[in-house]
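In what follows, a single structure is set out as structure tokens and then discussed.
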Amino acid sequence: MSAAEIDGIAADWAARLEARELTPAERRQLDAWVGQDQRHEGALVRARAIWATLDRARALASPVLAEDAEHVAQGRTRRWAVGALASAAAAALVAVFSLRAPRPRAGQRFATGQREIRTVLLSDGSRTVMNAASQARFAFDHRERLVLLDHGEGWFDVAKDKARPFIVRVGEIEARAVGTAFAVARTRSSVDVTVTEGVVEIAAPQGTVRVVAGGRASVPFDGEMVVAAVTSAALDRDLAWRERRIILDGETLATAVETFNRFNERKIVIEDPALAQEPVVGSFDLFAPDQFADAVANAFSTPVARRDDMIILGSVHSRA
């Protein structure tokens, strides 16, 4: 297959990724295509990098959001994206992309699906990575840049603007910054703010604290606020979702499976209670539960069975 043909297929996949969430069948088809040839992966990186460039240009004209949002590429490919932008093939794909996928209308509300992690480029130059199954509302004016996180999680890379603080609000809890980077996660019982760069001021009914890079504040809806330092390794694990990864460093298989099931319609079920408590180490694609199940089966010499709606680890039926 020629380079031009590969670029054409990559352009088609990039357009589909940009327009909507892929179906499970499409995701398997894309993964299979990427795995066929190293050139396929590079072509897809170049294609998606072009979308990011187009989004930055469109962001200047949007009152709040850029007219589109870039799906987060897998971690192993993002490192190559900057260099890929310089290629002539990537430049040639711009015209193809502009004719293919429809551009979502700019608006103040943004939501992601269960299998969808996206980067949203904001009109002030800030960037937000929205975790799966999350929803936020954006309200920017000349006084402040306000994000109302209705549910889920987001990581915010804030452009400096001393005249307009950047505020993420969850109920009565606010995380305020001018130019920094931090994540805000809304859980059932608390709001967790993790600072990856700079300083964030957190105001809550329990009081006000300033959290520096490498720190996390956990603010329960009913209870005392807790601020603690977080190691760089823990930060990498906790925020690996931004690159569609899960990093495990001794967590139990049950804990890992709970995370996979949150991101995937096809659920993993552990039938062996002892297996559920085994520690797991490694980095895995959040949206590839079959690959994870195969890795577990090989590592622990345990059977795996598959049905349309689930993957069964330690299956007693497989032993029979």
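Taking label points 7 Å from Cα along the Cα-to-Cβ direction, Glu144 and Glu258 give a separation of 3.4 nm. Potential lengthening of the chain between His151 and Ala163 amounts to 1.5 nm, from the contour at 0.36 nm per residue minus the alpha-carbon distance.
Size descriptors for the range 136-244 (Cα atoms only): Rg and Dmax, in that order, 13.0, 38 Å. Listed peptides 298-304, 123-129 appear in the order 123-129, 298-304 once ranked by packing, highest mean of other Cβ atoms within 10 Å at the front.
A short reminder: the numbers here are calculations on the coordinates, not readings from a lab. Owing to the predicted nature of the structure, the values given are computational and were not obtained by experimental measurement. As a convention, Cβ positions derive from the backbone with ideal geometry for all residues, glycine included, and neighbour counts pool all protein chains shown.
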